[in-house]
Amino acid sequence: MESFLQQLINGISLGSIYALVALGYTMVYGVLRLINFAHGDVYMLGAYFGYYLSRLLQGKTPSHLLDAAAVMLLSMIGCALVGIVMERLAYRPVRKASRLTLLIIAIGVSLLLENAGQLLFGADPKFFPQLIPESHIKLGGLMLTNQQVIVLITAVALMILLNLFIYRTRTGKAMRAVSFNLDAAKLMGINTDGIIALTFALGSALAAAGGILVSINIPGIDPLMGVMTGLKAFVAAVLGGIGNIFGAVLGGLILGLAEVMVAGYGSSTYRDAIAFLILIVILLFKPSGLLGKGQVEKV
Amino acid sequence: MFITNMKSLRSGIIPLIAAGLALSLSACNKKAAGSEDNEILVGHYGSLTGGKATFGLSAQKGIDLAVEAINASGGVLGRKIRVITEDDQGNPIEAMTAVTKLINKDRVVALLGEIASSNSIAAAPVAQQNRIPMISPGSTNPEVTKKGDYIFRVCFIDPFQGLVMAKFAANSLKLKNVAVLRDIKNDYSVGLANFFVDNFTKLGGAIATDISYSEGDKDFTAQLTAIKAKHPDGIFVPGYYTEVGLIARQARKLGIKVTLLGGDGWDSSKLWEIGGDALNGCYYSNHYSVDDPSPILQKFVADFKAKYKGESDSIPDAMAALGYDAALILADAMKRANSSKPDSVRDALAQTRGFMGVTGTTTLDENRNAVKPAVVLEVVVDAKGNGKNIFKETVSP
């Protein structure tokens, strides 16, 4: 029982990171019907921004938590800018082209970021500085670290903030309008270019947060760290119903829990295989994902 | 429209191709001239980047130091040795490509590499087919030298290393119930885990659980929680340093306090940085210890420190020492063969007996493996991630 609860915690902390990254996929898909394959690499960039910033900032503020918050905020801003630039230079010029063109460009941007990362940061793994000194929290037989708790709280807080933004603000409403129908939104006087740029900025900032939260817990970063996480977050987004904010969070948690339970109780060799098998089974029964709306494709 | 396009395409591309061909031809000519320039070309392939980067980088430093010494004393057969290095990024397929390039394009007469067994196993058949002798400095999986009679190694093999750690766990640490956490993607790790399990159970120990991860994984909490539930008194983790460091850290986070044990894949200064003080009191088997008072070894350590002063890894790890020995053994074989022809060098290599090197005396057996003692080291890391290894014992085969 104790070990099951511990696995539950492990699964939720892994899943909350997938959820943060999945949100970016789902938001961009919602407004542009584009799967931004470079999103996983923005997550990697976030971790590297965090790496360089924490070496710069560590110890400059009165407390460790403030250090971490400053590093995280600045990295999120950095990645938001990367997201805006990416949208402006790579996606906007071809927005009117076929979806396949956009997809190929997304793969190109992803490869560009990965290889530029290897060139700029070096291909060997780097050790992420310990922003928050570790301390243990014992709950009965369960072991938690303060880092895990902080990561979890931050991830949940970011998701709630995003939700409030999308459903409670005018800009959020505009974003939903654009996602509902881009041309109609434009006719209503919504600055659609601005909203799309904002979507990229928000998604990228969340990916950066994910990158830093992961690195606080697991302090090894490398330029290809976004590949697998990006893929899994994408799966999480599809699982939950791509385009749906709650679906992304749900999908992330399911995937994280499935992976941990398979590795913990089944065979760790098949960790990924079984996680993806779950995806296939769910999609067989619910092709639009758990919370996705069934849509008739107009041909 | 189409036709004009095609025309411009042709007129654009054909000269380009021609120019490219001419360039590569002239490059080939130069190379041929260069190798006649009395240099013996030796290829080194290794992981200079990626999660196993220190293996290749350390081996490279050792090889460079050895070649510098050889060339300073007049070279081999009156000719200087030049090493051409290729990065395989720690990837078996890239290792094959690197070896193919070194043999076919650079025309090397012998190969040094790899450290990681999976990469040596992938590249060895290429060397064998082309009849180019290959010396692996540090691949310990038995399969490596089974790829053919041109493949050699200058280190011990995993059946012995598994026995060493099983004995150390059972006899010195008095462990009874050990969990195994192996890297399923890695031939070295799987092989060493099997040899450890065989020997440890023969010595009367029990295996609490035997589970796996995959190289490149970052999150090991699921496996470690499963291990914790079995209450082992030690965990054998025969992986490479990047993953081992993270595993140690996450084990301590989950409140697992028992000793971790491993093999020579732990040997890297990066291990200390990644694992930090979570590694204190953990042990691994290795090819040599810098604390060994042997004069030949201490001279090597001093030379190494002098050459690489100020660099991050100025204390040679085992991969550097093995790279150094591998290069010297190759030069020695060329001298004995009185030739740098691959076939003659191979025959001389097979006759290597009692070569006095940094990592002990190397005698190659009929399977082209070295039979050498192993050492067990204890890891000590301070809170800042500065570590060192403390020599515990030597085990002879």
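Note on B:S294, B:S120, B:S58: ascending count of other Cβ atoms within 10 Å places them as B:S294, B:S58, B:S120, the fewest first. Between the listed residues B:F200, B:Y213, B:V375, the Cα displaced farthest toward the positive end of the dipole of chain B, a dipole computed from Cβ unit charges relative to the Cα centre, is found at B:Y213.
With both partners inside segment B:110-233, how many of the DSSP beta bridges are antiparallel, as a percent to the nearest 5? It would help to have the intermediate numbers written out before the result.
Details: 0 of 11 bridges.
Antiparallel: roughly 0 percent of the beta bridges in segment B:110-233.
The amide H of B:F236, built 1.01 Å from its N in the peptide plane, has B:A179, B:V180, B:L181, B:L261 as neighbours under 5 Å, considering only residues 5 or more places off or on other chains. Based on DSSP H segments of at least four residues, each scored -39500 (n - 2.57), the protein assembly as shown has a per-residue ellipticity at 222 nm of -19000 deg cm²/dmol. For peptide A:259-272, the mean count of partner chain Cβ atoms within 10 Å of a residue's Cβ comes to 5. Taking a ≥ b ≥ c as the square roots of the eigenvalues of the alpha-carbon gyration tensor, segment A:1-112 is classed oblate because a/c is 1.5 or more while a/b is no larger than b/c. Each part reduced to its alpha carbon centroid, segment A:102-170 and segment A:205-284 end up 12 Å apart.
For chain A, the longest principal axis of the C-alpha atoms and the axis of helix A:225-240 are separated by about 60°. For A:I190, no residue has an amide H sitting under 5 Å from its own, ignoring neighbours fewer than 5 places away on the same chain, with H placed 1.01 Å from N.
Of all beta bridges that DSSP places with both ends in chain B, some 40 percent have antiparallel geometry. Computed from Cα atoms, the angle from the helix A:64-86 axis to the main principal axis of chain A rounds to 30 degrees.
Relative to the longest principal axis of the Cα atoms of chain A, the long axis of helix A:192-217 makes an angle of roughly 10 degrees.
Applying a length cut-off of 24 Å (Cα extent along the axis) and a mean Kyte-Doolittle floor of 0.0 to the DSSP H helices of chain B leaves B:2-36, B:53-72, B:318-337.
For B:221-233, what's the mean count of beta carbons from other chains sitting within 10 Å of each residue's beta carbon? Can you show the working numbers first?
On the way: counts 14, 16, 6, 4, 15, 9, 2, 5, 8, 1, 0, 0, 0.
The mean count of partner-chain Cβ atoms within 10 Å per residue comes to 6.
If a/c stays under 1.5 just call it rounded; otherwise compare a/b with b/c (prolate if a/b is bigger, oblate if not). Do that for the protein assembly as shown, with a ≥ b ≥ c from the square roots of the Cα gyration tensor eigenvalues. In terms of gyration-tensor shape, oblate. If you average the sequence gap of Cα pairs under 8 Å that are 6 or more apart and divide by the length of segment A:46-204, what percent do you get for the contact order? The normalised contact order for segment A:46-204 reaches 27 percent.
In the protein assembly as shown, what % of DSSP beta bridges are antiparallel (nearest 5)?
Details: 24 of 54 bridges.
If I count the DSSP bridges inside the protein assembly as shown, around 45 percent turn out antiparallel.
Can you tell me how segment A:111-246 classifies by the Cα gyration tensor, rounded, prolate or oblate, using a/c under 1.5 as the rounded cut? In terms of gyration-tensor shape, oblate.
Note on B:209-220: average number of Cβ atoms from other chains within 10 Å of each residue's Cβ is 5. Below 26 Å, Cα to Cα, which lysines can B:K147 reach? Residues fewer than 8 away in the same chain don't count. Answer for B:K147, where 26 Å is the Cα cut-off: B:K52, B:K101, B:K105, B:K185, B:K335, B:K341, B:K372, listed by chain and number.
Where a number appears in this text, it was derived from the coordinates with a stated rule and is not lab data. Since the model is a prediction, treat every value here as computed from it, not as a measurement. Using ideal geometry, Cβ is built from the backbone for each residue, glycine included, and neighbour counts are taken over all protein chains shown.
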